[in-house]
Number of protein chains: 2
Amino acid sequence: MAGNTDKKSKGHINAKADEKFVEDLADRDDFAQWYQDLVYKTELADESPVRGCMVIRPYGYALWENMVRLLDDRIKATGHENAYFPLFIPRSFLEREAEHVEGFAPEVAWVTRAGKEELAEPLFVRPTSETVIGHMYAQWVQSYRDLPLLYNQWANVVRWEKRTRPFLRTTEFLWQEGHTVHRTEDEAQAETMLILQQVYQDFLEKELAIPVIAGLKSESEKFAGALRTYSLEAMMGDGKALQSATSHNLGQNFARSFDIKFQDSDGEVKIAWTTSWGASTRMVGGVIMVHGDTSGLRMPPRVAPIQAVIVPIWRKDEEREAVATLVAEVEGSLRAAGVRVKSDWREERPGFKYSHWELRGVPVRIEIGPRDAQNGQVVLVPRTDRSDKRTVAREAVAERVSALLAEIQQTLYDQALEFRKGRTYTANDYEEFQTLMADRDRLGFVEAWWCGDAACEAQIKAETQATIRCLPLEQPEGNGACVHCGRPSSAWAVFAKAY
Amino acid sequence: MAGNTDKKSKGHINAKADEKFVEDLADRDDFAQWYQDLVYKTELADESPVRGCMVIRPYGYALWENMVRLLDDRIKATGHENAYFPLFIPRSFLEREAEHVEGFAPEVAWVTRAGKEELAEPLFVRPTSETVIGHMYAQWVQSYRDLPLLYNQWANVVRWEKRTRPFLRTTEFLWQEGHTVHRTEDEAQAETMLILQQVYQDFLEKELAIPVIAGLKSESEKFAGALRTYSLEAMMGDGKALQSATSHNLGQNFARSFDIKFQDSDGEVKIAWTTSWGASTRMVGGVIMVHGDTSGLRMPPRVAPIQAVIVPIWRKDEEREAVATLVAEVEGSLRAAGVRVKSDWREERPGFKYSHWELRGVPVRIEIGPRDAQNGQVVLVPRTDRSDKRTVAREAVAERVSALLAEIQQTLYDQALEFRKGRTYTANDYEEFQTLMADRDRLGFVEAWWCGDAACEAQIKAETQATIRCLPLEQPEGNGACVHCGRPSSAWAVFAKAY
C-alpha cells in the first residue's frame, strides 16, 4: 500500500520508471512554469481561443463554487443583499468620475455594433460597476430612511490587460462587487473596515488558510476614484505578494458624480457616502501559490472540491468484492457526515492514483486493501504529510476524517504563516532594502519606514520592482527615517514584489 | 386585525381613502401593464440605462437565487458538473455551423475595440455557447473513455432583441446552459429527455408550481443547429404560452462543425453526439404570470424570498413590549425550522403592511397583536385565501407554518393546472380554431391535428398569431385531419399565442 513516488528527485511527480507517469510538473524553482503546470495539469482551467480569457474546468469551478458559498454567507450575514446590474454601460457614464475614467478607459472592451446595426453610443463592458450602480442608486435613494443601502453582485467583468496569467490576471474574470451607500462618512468608513476584516480577512484566513496583512494602500496604488483603498496582502510561495481582496471608501466622489443625494432627518438634502469592495477568481491563484508544493496542489479542506479520496486496492476478483463492501460503507458514512468524498475505481495501479490525487491536492487519501477489509479498518494519509499514515477502525472513519480535515486546514494556515514570518524582514537602510529585494532565494516582504512621498515610492519601484503593498493597520509607535530618502517618516510600510 | 383592502374594486390594492396607498396596480385585464407594474412595483427589477437590459433588484435576485439552487441541485444530482467558458467568442466560430449563424448572427453584440485598439478579429458576446464549448470539447474528448462529458454553466448571455420586456425577453439575461457529449445517438437522446423531464419539468412543477406540457418543437421553431428541440410549455394567466425551458438533441451537427471526435472501443474514430439545454431568468416572468392575481404576486413557497412575514400590531408602548416578546419567539422558532421569515416593525398601519406583503406575494402572513400575546397565539393568513385565517398556539407555529407553506405550494399548482385545463380546447376544424384564437377572454391552448407541413404552420401563424408550441410527448392513438388543410395527419399539436 506504500506510495510509489519520490518527489524529491527533480520535483517530478513520478520518478519510478515502471510506473506510468501521471504528469510532469515543473520544478518549483521555476515558479511561473510550476504555477502554469498546476493550473493546466490538474484541470483547474484551460487556455481558451480568446486572448487572455481562460476556461474554468469543473475541478477549478467546484473550488470557486465552494469559495463563493462561504464568502456569500459572510456577505449576507453582515446585512448585504445580492442584486444584478447590466453587463454593458453607456460610454457617457465612464466619463463622469475623472479619476475613474483615467484608470479604466485604457482597459475597457467596447461594444460598437449589434447585429448589423452600429450603435449610436458605444457601450463598454463593465470592468467594475460603480458607474451604472451609482446611476441606479441615485434613483433609489431619496431619504435617510433608505440608508444604508447594502448590495452586492456576483458577476463577470472584463479588463483588457496586456499580460495575462490564468486566475491571477485574465481579460474576463469572475468576482463579487459590493456597493453601499451611507448617511455619514463614519458609517462608510465602518463599512469599509467591516468588509475588509470581518468578511474578507476572516474568509481568506479561515476558509482558504491564507494569512493576510490588512492595510491601507498608498495614493498611487488606490482604486481609481476612491478616497481610501484598503487591501489584504498575502505572501505567495515564491515570496511575492498577492493583493487578495480590496475594500474602498469612495468618500463622496461617486455620489457627487452620479448625484446620489438624500434628504436627511434635519430636512437638508445631502450628498451620500459610498463604498465598494471586491474579491475575485484571483483568490484561486492565491490558493495554488500559497499551498502548492513539489507534488502539486494542496487544497484547503474547507473549500476542497474533493476532501477525501478512497483508493481501493485489490488483485483478485474475490478481494475486490470484500474491498468494495468496505469502500461503499466508508463512502456512505463519510457522505452522511458531510465529507465530500470520491472513490477511484479506475483500472490503474494504486501508485498512479496516489500521484493523481496528490497532484490535485485532495487533503485526505483513504487506502482500503484486502487486509483492511478483513480487519475492518482503513488507512488515512494526509496530503500534508504522506509519512503520517493512520490506521483507523471502520466505525471511527467519519469522525477521524473530519478531525483530520480540520487538522490539515490548520496545518496549511500555520505553514503559510510560518513561511511568511520567515520571509518578512525589516530594512533599516536602502542598501539593506535593495539586497533583500535582489535575493531571489529569500525574497519576501520588507517592512520599513516611508516618508509618504509618491516620488520616493516611484523610485523604489523603478530601482527594485518592489511596491508598497500596504501600510498595515497595526502601525508601530513613534517614527523613523524613510528607507529611501532618510527623511522623518511616520508611516510603516510593507514592500514586496507583487503579482 | 382585519385587512383593510377591497381588491375587487378597480383592481387597486387599497381602496379605502383613509389608508395610505401602497401602490397602484393596473387592472389584470390590461395584462401587459399589470405584468409591468408587478415587476417594477414589487421591486423585483428596474429599468436600466442600457437599452433592453434590466436591473434585477434584491427581491427579484433572491427569488432567482432560490431557483438557481434548486435547479442546480437537480443538474448535479443527474451527474453534471459546472464549469465556466469565456463571454467573448471569435467571429470565425459563429460561422462554422450554417444554421446556427443564420439564427444568431442578426442578434449578437460585437466587441470591436479594446482600450484604443481596434481588434483584428471582432469578438461576439455569447448569445449561447455551443461554439466556444464545442471548440474546447474537441480538445478534451479523445477516447470513448472520456464520454459522456456532462457539463453545465451558469452565465449571462446577450441577444439583441428588437422588443424587450423585463424577465421575458431582455438583451442580457441570466441562465444555465448545459452542454454534453455522447458516444451514441441513443445516449444523446436519453440525455435530452432526462434533462427535459427529470430536471426541468420536475423543477418547474415542484418548485415553481407551474404545470407544463413537454413536447417536441416543429422544425421551424427548433434551435438553430439542432436535430430536435424539446420544450416545456406553460400557460400564463392571460392564456398565452411561455416556453419555459428547452432541451436540444444537437445530433452530430456541432460535433462535425467543431471536430469533436473520439476513438471508440473498436478502434474507429467517430464523430460524437451532443446536446445542449437551457433555462433562464425568463422563468421569473413565468412565476409572475402564472400565479399573480389582482392583489399582486403570489410566490411559490419553495422559492419565495420571504416565506412568512410577521406583522406586529400594537397601540400603546406596553402592548408593543408584550407583542415583541412573542414576535421574537415565533421568528426564532420559524428560523430554526428553516422558514425564511421577516418581521415588519415599520411605523405604519397594519393594513398598509398587509397590502405591502400581499403585493410582494409572501405566502404566509402572521399577525400578532396584544390579545394574541396574552393568549400565547398567533393568526396565520395564507396569501392564497385571506379569509382562511387560522389561530394557532405559539408552540405549534413552526409546524403549522411549514404545513401551510406546503399546502399553498400545492394550491398554486392545482389552481394553475385547473386554469390550464379550463382554457385548453380541441379544434376540429379551422373555423373553430380561429374563433378560439380570436376570443381574448377565453384565450388558451388549442389542440388539433397538424399535417406536419411548415407551410400550413406558417399560414396558421399569419392568420391567427398562434404558433405550434409543441407536439406533446403523449400523442393520441391514430390520426385525423389537419386543422388547417384537412390532409391526413398523425401529429397532435398544441397551438397558442406565445410570449
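The values are calculated or read from the model by the stated rules, or taken from the named source; none is laboratory data. In this text, all values refer to a predicted model and were calculated from it rather than measured experimentally. Positions of Cβ are generated from backbone atoms using ideal geometry, with glycine treated the same way; all protein chains shown enter the neighbour counts.
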Item checked: Set B:ARG69, B:ARG57: member being of a type outside the set (Asp, Glu) and surrounded by fewer than 21 Cβ atoms within 10 Å (Cβ to Cβ) -> B:ARG69
Margin query: Here are the criteria: (1) farther than 19 Å from B:CYS53 by Cα; (2) at the interface with chain B (Cβ under 9 Å from one of its Cβ atoms); (3) touching a Gly at 6+ places or on another chain (Cβ under 9 Å). Tell me which single one A:GLU65 does not satisfy.
Written below: (3)
Notebook entry, point to check: Looking at B:GLU395, B:GLU399, B:GLU447, which is the one that is outside the structural domain of B:GLY215 (by TED's automatic domain parsing) and within 21 Å of B:LYS240 (Cα to Cα)?
Noted result: B:GLU447
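Considering each residue of the range B:201-245, count those that are assigned to a helix (DSSP H, G or I) and under 15 Å from B:VAL284 (Cβ atoms), and give that number.
Let us first name the residues in the range B:201-245 that are assigned to a helix (DSSP H, G or I), namely B:201-206, B:219-221.
Then drop every residue that is not under 15 Å from B:VAL284 (Cβ atoms), which leaves B:203-204.
Counting residues in the range B:201-245 that are assigned to a helix (DSSP H, G or I) and under 15 Å from B:VAL284 (Cβ atoms) gives 2.
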Next item on the list: Could you grab me the full set of residues in the range A:135-148 that are surrounded by 20 or more Cβ atoms within 10 Å (Cβ to Cβ) and either within 11 Å of chain B (Cβ to nearest Cβ) or among the polar types (S, T, N, Q) (or both)?
Entry: A:HIS135, A:MET136, A:TYR137
Checklist line | Odd one out for B:PHE31 among (1) touching a helix residue (DSSP H, G or I) at 6+ places or on another chain (Cβ under 7 Å); (2) farther than 20 Å from A:GLN153 by Cα; (3) modelled with pLDDT of 90 or more; (4) surrounded by 17 or more Cβ atoms within 10 Å (Cβ to Cβ) | finding: (1)
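Suppose we filter the range A:36-49 for residues that are facing chain B (nearest Cβ under 8 Å) and surrounded by fewer than 20 Cβ atoms within 10 Å (Cβ to Cβ); how many remain?
Here is the first cut: in the range A:36-49, the residues facing chain B (nearest Cβ under 8 Å) are A:46, A:48-49.
So of that shortlist, the ones also surrounded by fewer than 20 Cβ atoms within 10 Å (Cβ to Cβ) come out as A:46, A:49.
Result for the range A:36-49: 2.
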Note to self: Just to be sure I understand, how many residues within the range B:61-104 are more than 19 Å from B:SER244 (Cα to Cα) and either outside the structural domain of B:PHE173 (by TED's automatic domain parsing) or hydroxyl-bearing (Ser, Thr, Tyr) (or both)?
What the structure shows: 3
Next item on the list: Considering each of B:ARG96, B:ARG113, B:ARG126 in turn, give the residue that is farther than 22 Å from B:ALA155 by Cα, modelled with pLDDT of 95 or more and charged (D, E, K, R).
Entry: B:ARG113
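Out of B:ALA120, B:ALA98, B:ALA114, B:ALA109, I need the residue that is small (Gly, Ala, Ser), out of contact with any helix residue (DSSP H, G or I) (no Cβ under 6 Å at 6 or more places or on another chain), at the interface with chain A (Cβ under 7 Å from one of its Cβ atoms) and farther than 13 Å from A:GLY115 by Cβ. Which one?
Details: B:ALA120 fails: at the interface with chain A (Cβ under 7 Å from one of its Cβ atoms); B:ALA98 fails: at the interface with chain A (Cβ under 7 Å from one of its Cβ atoms); B:ALA109 fails: farther than 13 Å from A:GLY115 by Cβ.
The conditions single out B:ALA114.
Answer yes if at least one residue in the range B:428-444 is closer than 12 Å to B:ALA493 by Cα, hydrophobic (A, V, I, L, M, F, W, C) and buried (at least 19 other Cβ atoms within 10 Å of the Cβ), and no otherwise. Break it down stepwise before answering.
Applying the first criterion (closer than 12 Å to B:ALA493 by Cα) to the range B:428-444 yields none.
No, the range B:428-444 contains no residue that is closer than 12 Å to B:ALA493 by Cα, hydrophobic (A, V, I, L, M, F, W, C) and buried (at least 19 other Cβ atoms within 10 Å of the Cβ).
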Notebook entry, point to check: How many residues does the range A:235-269 contain that are in contact (Cβ under 8 Å) with a residue 24 or more places away in the chain and of a type in the set (D, E, K, R)?
Noted result: 5
Note to self: Just the residues that are out of contact with any Leu (no Cβ under 6 Å at 6 or more places or on another chain), surrounded by fewer than 22 Cβ atoms within 10 Å (Cβ to Cβ), in a strand (DSSP E or B) and not polar (S, T, N, Q), please, taken from the range A:449-493.
What the structure shows: A:PRO472, A:GLY480, A:ALA481, A:PRO488, A:TRP492
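State the number of residues belonging to the range B:68-82 that are touching a residue at least 12 places away in the same chain (Cβ under 8 Å) and either within 12 Å of chain A (Cβ to nearest Cβ) or more than 19 Å from B:GLY285 (Cβ to Cβ) (or both). I'd like the intermediate steps shown before the answer.
Of the residues in the range B:68-82, the ones touching a residue at least 12 places away in the same chain (Cβ under 8 Å) are B:68, B:70-72, B:74-75, B:78-82.
Retained after the next criterion (residues that are either within 12 Å of chain A (Cβ to nearest Cβ) or more than 19 Å from B:GLY285 (Cβ to Cβ) (or both)): B:68, B:72, B:74-75, B:78-82.
Looking only at that region, the number is 9.
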Margin query: Filter the range A:70-128 down to the residues that are closer than 30 Å to B:ALA62 by Cα, out of contact with any strand residue (DSSP E or B) (no Cβ under 9 Å at 6 or more places or on another chain) and not basic (Lys, Arg) and list them by number.
Written below: A:LEU70, A:ASP73, A:ALA77
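For the condition more than 23 Å from A:ASP37 (Cβ to Cβ), surrounded by 14 or more Cβ atoms within 10 Å (Cβ to Cβ), not assigned by TED's automatic domain parsing to the domain that holds A:HIS484 and not hydroxyl-bearing (Ser, Thr, Tyr), what is the one hit in A:LEU412, A:LEU380? Full working, then the answer.
Working: A:LEU412 fails: more than 23 Å from A:ASP37 (Cβ to Cβ).
Testing whether each residue is more than 23 Å from A:ASP37 (Cβ to Cβ), surrounded by 14 or more Cβ atoms within 10 Å (Cβ to Cβ), not assigned by TED's automatic domain parsing to the domain that holds A:HIS484 and not hydroxyl-bearing (Ser, Thr, Tyr) leaves just A:LEU380.
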Check: Any idea which of (1) in the same structural domain as B:ALA190 (by TED's automatic domain parsing); (2) touching a helix residue (DSSP H, G or I) at 6+ places or on another chain (Cβ under 6 Å); (3) at pLDDT 95 or above is the one B:ALA45 doesn't satisfy?
Finding: (1)
Next item on the list: With the checklist (1) at the interface with another protein chain (Cβ under 10 Å from one of its Cβ atoms); (2) under 25 Å from the mean Cα position of the chain (by Cα); (3) hydroxyl-bearing (Ser, Thr, Tyr) in hand, flag the one item B:THR192 doesn't pass.
Entry: (1)
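Please return the ranges of strands (runs of 3 or more DSSP E) entirely within the range B:103-198 where 1 or more residues are among the charged types (D, E, K, R). Before the answer, list the steps.
Details: elements: B:109-114, B:117-125, B:149-158, B:172-182.
Here the list reads B:109-114, B:117-125, B:172-182.
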